[in-house]
Ligand code: GLN
């Protein structure tokens, strides 16, 4: 049977599947056909799995037995740094080209229990370092709105899989914006949950105090459906927290009016695209006419976020990546001695951005520089966190654009790491503070005859994802009205 996958959502597909309109196998075939057709040029998937139809048959069995969940038979795409037992997980790096995961990530266990169909593993910036997916060892992922432009990153493959109808939803990871920014550049929804709300067991660690796994969906509702399956306590991740015990409620705020804070100095700073800013203002107006209140707030230290993040993150990444020694995982190149093996393997296995961050991280942690750099960055981080705590004393949510610019051209920033880092200005403060945030499609800008999507970021206090979903629905143009 022919299924029209354009405009299909998880919610709709679920009701079709349990209503017997088509089977999970039919649905999987439709997504496989689209993926096979478009992936060669988009490069969203690094691998399309060979057992997709078998997974779909297992889902059909569940549906027949009447044990289907909201995600049974739903085709999802998984970022290549999240472990699926028996599958290659390379983090888009040469060093892990042949590495096969020996266990399932906690989120994968949960999705398997729910009966999800995994279509494939998606492209990303190597080890999640970057904001364009150009740092992948396997070529960039292209933006489906204009294939000469980047998808954003680091979870660019996951965002494109959803935006181009190669999956109904996806998982990504967000250390400094890697879910929200590609969601924004591709015109879909992406959620960075509260730090600790989703277990990190089985995601390859980059900046352990910043990393979070989170969902992508075409609509806010779809994103919420995936979030409700993956969240929750995991005894094997010591930073994981029971969201229910910490007061998380499913979004039942439909009629609540919120106070939305806007950090004026921060959002109208240098380097922000004029169309991005005017779309941001129009979206605030839309929220205001829906009855929400817009209030100026101040985040005085937010302007130091990039300086703090680009010390803390490389510091943590440099220690996390020490395990890739050519012995325990993946690539091995033999040299004259053990240390020579190590040097040769890492020189050949890591790309330039990963090497840059390992060097930076090692430097800022070294004796004599630790206090000046890492110590200072950590102190600034505490101030940024306090800025959010203070602001949330008077507002329910804070709004900013997700990215200061729409999707840029492939190659435009590739040789200029600093300009790439500057594009993370609105997303990194959120990870430094550990609070949740969502990027919701808010409109388009016209560039060179192409319509490029823009995203609106909403930030909430810890464990208030429900506020993000309620406000997100009011902004999201993909949402079923
Ligand atoms: N663009 C940011 C960086 O390069 C964020 C990466 C991420 O969230 N994984 O670090």
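Here are some notes:
- Residue 52 being surrounded by fewer than 24 Cβ atoms within 10 Å (Cβ to Cβ) and in contact (Cβ under 8 Å) with a residue 60 or more places away in the chain: yes
- Exactly one residue among 363, 370, 304, 421 is over 20 Å from the mean Cα position of the chain (by Cα) and modelled with pLDDT under 95, and that residue is 370.
- Verdict on residue 330 being away from the ligand (no atom under 16 Å from the Cβ), buried (at least 17 other Cβ atoms within 10 Å of the Cβ) and assigned to a loop (DSSP other than H, G, I, E, B): yes
- Restricted to segment 167-212, and to residues there that are more than 20 Å from residue 425 (Cα to Cα) and under 10 Å from the mean Cα position of the chain (by Cα), the residue that is farthest from the ligand (Cβ to nearest atom) is 170.
- Unique match (being farther than 22 Å from residue 389 by Cβ and without any contact (Cβ under 8 Å) to a residue 12 or more places away in the chain) among 282, 316, 270: 270
- Odd one out for residue 344 among (1) in a helix (DSSP H, G or I); (2) touching a residue at least 24 places away in the same chain (Cβ under 8 Å): (2)
- Any hit, segment 81-93, residues being more than 16 Å from the ligand (Cβ to nearest atom), out of contact with any strand residue (DSSP E or B) (no Cβ under 7 Å at 6 or more places or on another chain) and touching a residue at least 60 places away in the same chain (Cβ under 8 Å): yes
- Across segment 408-418, the qualifying residues are those that are within 12 Å of the ligand (Cβ to nearest atom) and under 22 Å from residue 141 (Cβ atoms), and the one among them that is surrounded by the most Cβ atoms within 10 Å (Cβ to Cβ) is 413.
- Unmet criterion (only one of (1) surrounded by fewer than 20 Cβ atoms within 10 Å (Cβ to Cβ); (2) part of a helix (DSSP H, G or I); (3) in contact (Cβ under 8 Å) with a residue 60 or more places away in the chain; (4) touching a helix residue (DSSP H, G or I) at 6+ places or on another chain (Cβ under 9 Å)) for residue 70: (2)
- Residue in segment 386-407 that is crowded, with 19+ Cβ neighbours inside 10 Å, farther than 29 Å from residue 296 by Cβ and touching a strand residue (DSSP E or B) at 6+ places or on another chain (Cβ under 6 Å) present: yes
- Output for segment 136-166, where each listed residue is away from the ligand (no atom under 16 Å from the Cβ), at positive phi and touching a helix residue (DSSP H, G or I) at 6+ places or on another chain (Cβ under 7 Å): 165
The values are calculated or read from the model by the stated rules, or taken from the named source; none is laboratory data. Note that the coordinates shown come from a computational prediction; the quantities given were computed from them, not determined experimentally. Cβ: placed from backbone, ideal geometry, glycine included. Neighbour counts: every protein chain shown.
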